[in-house]
Structures are given as C-alpha cells and as structure tokens.
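To start, the structure itself, in structure tokens.
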Amino acid sequence: MITVCSRCRDRIGFGELGECLICCGSFEKIDDLISDILEDLNDYEYENFDVGVRLYGSSKAIELFLKEKFGIEDTLKDDFKIDFARRFSSRTGKLRKVNGDVRITINLEDLSYEIDVSSVYIYGRYIKRVRGLSQTRWICGYCEGRGCEKCNYTGKKYLSVEDLIITPAIEIFKAENAFLHGAGREDVDARMLGNGRPFVLEIAKPRRRKVDLRHLEEAINQYAKNKVVVKFFDYCDAKSVEIIKNAKFKKRYRVVVRFDKEIDRAELEEVLKKLETVITQRTPIRVLHRRADKVRKRKVYSAKLILHRGKVAVIEILSDSGLYIKEIVSGDEGRTKPSLSELLRVNARVEKLDVIEVLGGLEEILNTHVFKSLRG
Ligand SMILES: [Zn+2]
Ligand SMILES: [Zn+2]
C-alpha cells in the first residue's frame, strides 16, 4: 500500500492517508505557490491566465509505477490544474483561458514554475515619409550592434521604421521588446505614402495590456517626428501576424525614371502599354545575397505616364505584390522581362521610388465574427 493525500486518494481510489507519494504534497502547497506567483505577477496587467503542469523525476516515476503496478492512468496533472485554477481564480477574480494573458507552468516535483506573458498585438498602418529608413531593425555589420565609427556609434546600419514605432510602444506598455510585422516591405530608399502599409505591432512581455490606441499613436507620431506616421485600428492576435505576413496586396508605385537619352513621348506611352502584362522576374542581383535565386511571375495591371520631360519620366505602376519595381525599369541585365529598358532599347533606371497605395489590409476582417472570437 502507498501513502497518499486525501485529494489523490479520492482520485485514484485507494491508499493510506499520509505523506503523499503521488503529488509530493503539492495540493497542500498550492496556496503558498499562488502567493509566490502573484508576487511575481504584481507588475503585470492580465485578464486571464492559463496553467500547465510538468512531471519530472520522481513524480514522473510514480505516474509510471501506478500505471504498471495498478493499471491506473492517473490524472494528477489535470486534477492539479483544476485545483490550481479554482484557487487562483478565487484569489484574483480572473478566469482560466487557453493561452491566456499569462501562462503559468508548474513542475510538480519541486513546485518550481515559469511564467510566460503573452504578447499583445495591434493592427495598424504606417506611412514612411522619408527615404533612408529600413523597415525593421538593421544592425551595423561591423560592430554587430555594439556601436563603432562606421555606424556613428548607433549600432545600426539604418534607423528603421520599427525603431521609431517600438521605442515609444515599449515604454508605454512597459514591455520587454516589440516587433513590427509588415505586409511586405519597401526598400530603404523608397517612401511608403498614401494609405500606408498594413502591419501588426507585437508587444512582447508587456506589463500593460490595455493602452488607449489614440494615446499610443500620438506618442509614436511625436517620437518619429514626421519621418513615420502610424494609425492603429484595433487590438488583434497572434493569428493576424501570419495573415499579414502571407497577405498578397496589390501595390501602386510612383517612380521617377531617368533614361540615358531623350525619349519620344508617344513611344514611351506605347511601350508602357506593353508593360501591362505578366512579368517574368528572376531574383534581382541587388538582393541575391539575402534572397534565393528563383523566377517569379507577377502581373503589372497598369503603367501610366504621369509626367515626361526629355530624359526623365514619372510613371505610376499598379502591380501584384512581390514584384521588384526597380528591375522592371532597368531590366536587371535581362533577369526581368519585359522591362522598360528592353522595350525602349535604352538604359533606364529608377531615380526615386514611392509606394503610394497598398490595396488591402486587415480592416475588413478585424470586424468579422471569426476574428473577434479569436480575440476572445
Ligand atoms: Zn497527493
Ligand atoms: Zn557599428
């Protein structure tokens, strides 16, 4: 016969009351355990929690012993979670929720625990008004972020849209970190104008979870000093990061093109019509060092001449997501076909590039039932 506590005896149906070999007296220690956990969570805002249990060492061995010797599939873990959740709820008034705001994992052998704080997600759009900003953090390759002469002791190769957004956000949410997940990205030297690029801001390990989004917007826009302007729509969830990462929104671009020689306007307009087709594009030479060399096919829906003077033209292009725009102008040594350069038989290059519209976003699905239920 083994000695057990009353809770474990109720569960397995036998045993002599005494020092519990199954749970090592865990049930009796739950209230103290909760006190310790609440102290650690003191600084954190959360509306709900989840609890997980791990069995190691002797508690794992006992589980196996019960199974082999008595044929019992003990439900100690579930029983412990239920009792823990009940007492935690009554102490805090908060309910257990799958993948809740805080996730507590308890090791039943020694009652050590880990607390994971779920990220907070916010959906928004950003406008980038200046060139020379990367979208996400880009650390200096010489010093790997420590700061050196090359990077003017900033540790960064470029200042980023992400830097400008997360710095105030981390402060306001009293968070450990934050990340920008964009629906595609523009080049460092391209601006992102118009209705802005959809993105999800992830706040990692936040101590605050409910921040007024207008207040957050103001703080960021003030900090970013008009280099970047953000607009937030609503809180969302981890799923929306996947959605935004896989979104294929069409984009409208405005490009300033310079030709090697003067171009006839009528010819240019005719050639632009030929560019409204499926473009076959091999990964551009300029990004080959960080992207796989493959062929993609993307459609150009429209290519309109906005302005033309001698060797310079301003063109608006509407295309599928994932088309490299600079290369449909230059041809990229024949890797992009057709191209403006190829069709005109003259060298052409993009002098300036702006994204002026991203056609689509999460605004529509933010209000759907599916999405709301995901957010709980
Ligand atoms: Zn027990
Ligand atoms: Zn450096």
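The values are calculated or read from the model by the stated rules, or taken from the named source; none is laboratory data. As the structure is a computational prediction, the values presented were derived from the model and not from experiment. For neighbour counting, all protein chains shown are included, and Cβ atoms are generated from backbone atoms with ideal geometry for every residue, glycine included. These area figures cover heavy atoms from the full protein model, side chains too; ligands, DNA and RNA do not enter into them. Shrake-Rupley method; radii C 1.70, N 1.55, O 1.52, S 1.80 Å.
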Failed criterion for LYS210 (all others in (1) basic (Lys, Arg); (2) under 30 Å from ASP40 (Cα atoms); (3) open to solvent by less than 40 Å² (accessible area, probe 1.4 Å) hold): (3)
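So that you can scan it fast, the table gives a plain yes or no per residue for (1) within 16 Å of ligand 2 (Cβ to nearest atom); (2) hydrophobic (A, V, I, L, M, F, W, C); (3) part of a helix (DSSP H, G or I); (4) touching a helix residue (DSSP H, G or I) at 6+ places or on another chain (Cβ under 9 Å):
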| position | (1), (2), (3), (4) |
| --- | --- |
| ARG91 | no, no, yes, yes |
| ASN99 | no, no, no, yes |
| ILE106 | no, yes, no, yes |
| GLU114 | no, no, no, no |
| GLY132 | no, no, no, no |
| CYS148 | yes, yes, no, no |
| THR154 | yes, no, no, no |
| ALA178 | no, yes, no, yes |
Qualifying residue in the stretch 254-274 (condition: of a type in the set (Asp, Glu), open to solvent by 80 Å² or more (accessible area, probe 1.4 Å) and not assigned by TED's automatic domain parsing to the domain that holds ILE328): no
Filter result (part of a loop (DSSP other than H, G, I, E, B), over 25 Å from LYS239 (Cα atoms) and not acidic (Asp, Glu)) within the stretch 182-216: VAL188, ALA190
Hits in the stretch 116-130 (condition: in a loop (DSSP other than H, G, I, E, B) and of a type outside the set (A, V, I, L, M)): SER118, SER119, ARG129
Verdict on SER89 being among the small types (Gly, Ala, Ser) and either in contact (Cβ under 8 Å) with a residue 24 or more places away in the chain or within 16 Å of ligand 1 (Cβ to nearest atom) (or both): no
Number of the condition not met by PHE27 [criteria: (1) touching a helix residue (DSSP H, G or I) at 6+ places or on another chain (Cβ under 7 Å); (2) within 14 Å of ligand 1 (Cβ to nearest atom); (3) open to solvent by 40 Å² or more (accessible area, probe 1.4 Å)]: (3)
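Per-residue answers, yes or no, for (1) more than 23 Å from the chain's Cα centre (by Cα); (2) within 16 Å of ligand 1 (Cβ to nearest atom):
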position: LYS94; (1), (2): yes, no
position: ASP101; (1), (2): no, no
position: THR105; (1), (2): yes, no
position: GLU109; (1), (2): yes, yes
position: LEU133; (1), (2): no, no
position: CYS151; (1), (2): yes, no
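Considering each of PHE65, PHE14 in turn, give the residue that is more than 16 Å from ligand 2 (Cβ to nearest atom), modelled with pLDDT under 90 and open to solvent by 60 Å² or more (accessible area, probe 1.4 Å).
On inspection, the qualifying residue turns out to be PHE65.
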One residue from ASP36, ASP43 being open to solvent by 90 Å² or more (accessible area, probe 1.4 Å) and either in contact (Cβ under 8 Å) with a residue 60 or more places away in the chain or within 30 Å of LYS174 (Cα to Cα) (or both): ASP43
Of all residues making up the stretch 304-320, the number that are open to solvent by 20 Å² or more (accessible area, probe 1.4 Å) and within 32 Å of the chain's Cα centre (by Cα): 3
Flag for GLY52 being closer than 30 Å to PRO206 by Cα and open to solvent by less than 50 Å² (accessible area, probe 1.4 Å): yes
Restricting the stretch 134-146 to residues that are more than 16 Å from GLU186 (Cβ to Cβ) and of a type in the set (A, V, I, L, M, F, W, C), the residue that is farthest from ligand 2 (Cβ to nearest atom): ILE139
Filter result for ILE72 (over 33 Å from the mean Cα position of the chain (by Cα) and surrounded by 13 or more Cβ atoms within 10 Å (Cβ to Cβ)): yes
